[in-house]
Structures are given as structure tokens and as C-alpha cells.
1. Along each principal axis of its Cα atoms, how long is the range 4-69 end to end? Whole angstroms, biggest number first, please.
2. Using Cβ contacts closer than 10 Å as the measure, can you line up Leu127, Leu68 from fewest to most?
3. Convex hull over the alpha-carbon atoms of the range 1-139: what's its volume per residue in Å³?
4. Report the calculated FRET efficiency for Leu86 and Thr177 (r = Cβ-Cβ distance, R0 = 35 Å), to the nearest 0.05.
5. I'd like the Karplus ³J(HN,Hα) series for the range 67-84: coefficients 6.51, -1.76, 1.60, θ = phi - 60°, whole numbers in Hz, and an x wherever there's a Gly or Pro.
6. With θ taken as phi - 60° and the coefficients 6.51, -1.76 and 1.60, list the Karplus ³J(HN,Hα) couplings across the range 11-26 in order, rounded to whole Hz; mark glycine and proline as x.
7. How do Tyr65, Tyr32 line up, fewest other C-beta atoms within 10 Å first?
Amino acid sequence: MTSPFEVVILNLQKIGAFNFLFPFMLTAAVFYGLLRRSQIFGKPEENVAVNAVVALVAAFMVWAYPILAGVNVEVMLSTFFFQGVLATLVVIIGLLIISMFMPKGLGETLSEKLKPGWLIGIIILGLLIGFGVLFSSGAINIFFPSGIGGGISEDLMISIAVVIGLIAVLGLIVWITTKGERGK
């Protein structure tokens, strides 16, 4: 016997909710939020309709591309969001484990130590995790439907990304340790 959730998800898949509707709604919401935040068309309270129309049109234009290009984004986006959530959970659990062994006031201590160099390192690490999820989920095919690099296989691209990530992590470790030795 199948669960009711499975039935609902399969029915939503049949009507194309995961291929167009949900990505469209998410994109429209992001555009609307960005338009309200940037206040390009004036105060958000006065231009709700303009912001909504521009957000809806932009979202339709964005999600027309996969349909016109013949790219099925359903599996790629589901995999991307699932792997993104898993990567976020790994980071959160790592922070929880670290906080169990650190003294109270860790947040204040970290905010003092997060000078621009550390902040740049954290941003770079976040970008590497994001690109890793983008490549491993196959969502990179949304941007390059015919492939990347003119015939280079996806496995080779993932291998190159992992090697670059490892080199970046090693460089960061070397930078941190040499900086600590210079401070003594």
C-alpha cells in the first residue's frame, strides 16, 4: 500500500508541478522580494502591482527557457535542493558538535575573530559547497544543456572540481597556519 504523501507527490508530478509550477512560484517570489528590497520602482507599498507584474513576467521568462530548450529540470532541481539541504544539515551538525566542546559565548568569540580574511574564507567555502552541489546534482545542465567544455565528460568535470576544492582547502590551511606562526 502506498502512502498518501506518495500519491500526492506522484499526482503533482503528473500535472507538471515540479517541472514548472513550483520552480516558477519560487522564482516569482524571489524576484518580487528583490524588487521590494531594491525599491527600483519606488516605495514598495505604493508599487505592489508593478513589482508583482514584473516578478511574474520575469519568472515566466526564466522558466520558458527549460521548456523551449527541452531541458527537464524536475529531477535536477529536486536533487539540487535535496543535496543542498543535506550539505546545510552537515554544516549545522558540525557547528552543534563544535559548540558542545567550546566554552559559553562562542558566538561572540567567533564574531570577534571573523575579520575580513576569515569572512572571505567562509564565503569561499560556501561557494565551493554550492558549486559542488550544483555539479553533483546535475543542475549545471540547466545552464549548459549541451554540456560543458565541448565534450568533456561530467565525471571529469566533477573530478576537476574536487581537485580544485582540495587545493583550495589545503591553501586555506597553509595560509591559516603560516599566519598564526607569523603572529608569534
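1. Computed over the Cα atoms, the extents are 44, 31, 15 Å.
2. Leu68, Leu127
3. Enclosed volume per residue, from the Cα hull, is 214 Å³.
4. 0.70
5. For the range 67-84, the Karplus-derived couplings read 6, 5, 7, x, 9, 8, 8, 4, 6, 5, 5, 4, 5, 4, 5, 5, 5, x Hz, x marking Gly and Pro.
6. 5, 5, 5, 4, 8, x, 5, 7, 8, 9, 4, 5, x, 4, 4, 5
7. By the 10 Å Cβ count, ascending: Tyr65, Tyr32.
Values quoted throughout were computed directly from the atomic coordinates according to the rules given, and no laboratory measurement underlies them. Quick caveat, the model's predicted, so the values are computed rather than measured. Cβ atoms come from the backbone with ideal geometry, glycine included; neighbour counts cover every protein chain shown.
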